[in-house]
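Visitor: My questions all concern the structure below.
The values are calculated or read from the model by the stated rules, or taken from the named source; none is laboratory data. Quantities reported herein were computed from a predicted structural model and do not represent experimental measurements. When we count neighbours, we look across all protein chains shown, and the Cβ atoms used for this are built from the backbone with ideal geometry, even at glycine.
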Amino acid sequence: MNDHSEFKPLWICIGALGFLLAMGWAGNSDYEHALLEEQGYCANVTLYHATRGEHGWPDYRELYSTMCAKYADDPELFFQG
């Protein structure tokens, strides 16, 4: 009789590790996407102010003063990616 029950804990561990790796990768991708969205928003509001409303968009979220302050010293951060 073949008893493969000794391999069951190994497959459970491999499955759990695979699941954790997939969740970590997905979480990192979500963070990178959110960061790119934030940079794009800040860049367009900055452009709106710089062109006196001709280009870009207004601060419709009303977050520019808090969310975009970290980009004030390095505008190149707007255009990463």
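Visitor: When residue 79 is evaluated against the numbered criteria (1) of a type in the set (A, V, I, L, M, F, W, C); (2) under 20 Å from the mean Cα position of the chain (by Cα); (3) surrounded by 10 or more Cβ atoms within 10 Å (Cβ to Cβ); (4) modelled with pLDDT under 85, which criterion, by number, is the only one it fails?
Guide: All conditions pass for residue 79, except number (3).
Visitor: Related question: Only one residue in 47, 35, 21 is in contact with a His (Cβ under 8 Å, 6 or more places away or on another chain) and surrounded by 10 or more Cβ atoms within 10 Å (Cβ to Cβ), so which one is that? Reasoning before the result, please.
Guide: On the way: 35 fails: in contact with a His (Cβ under 8 Å, 6 or more places away or on another chain); 21 fails: in contact with a His (Cβ under 8 Å, 6 or more places away or on another chain).
That would be 47, the only listed residue that is in contact with a His (Cβ under 8 Å, 6 or more places away or on another chain) and surrounded by 10 or more Cβ atoms within 10 Å (Cβ to Cβ).
Visitor: Look through the stretch 62-76, keep the residues that are surrounded by 10 or more Cβ atoms within 10 Å (Cβ to Cβ) and not hydrophobic (A, V, I, L, M, F, W, C), and return whichever of them is modelled with the highest pLDDT.
Guide: Restricting to residues being surrounded by 10 or more Cβ atoms within 10 Å (Cβ to Cβ) and not hydrophobic (A, V, I, L, M, F, W, C), the top hit is 64.
Visitor: Sticking with this one: So is residue 51 among the β-branched types (Val, Ile, Thr) and at pLDDT below 90 or not?
Guide: No: the conditions fail for residue 51.
Visitor: Also, I was wondering about something else. Consider residue 8 carefully, then state whether it is exposed (fewer than 10 other Cβ atoms within 10 Å of the Cβ), in a helix (DSSP H, G or I), modelled with pLDDT under 85 and not hydroxyl-bearing (Ser, Thr, Tyr).
Guide: yes
Visitor: Report, by residue number, each residue of the stretch 20-59 that is part of a helix (DSSP H, G or I) and of a type in the set (D, E, K, R).
Guide: Hits for the stretch 20-59 are 30, 32, 37, 38.
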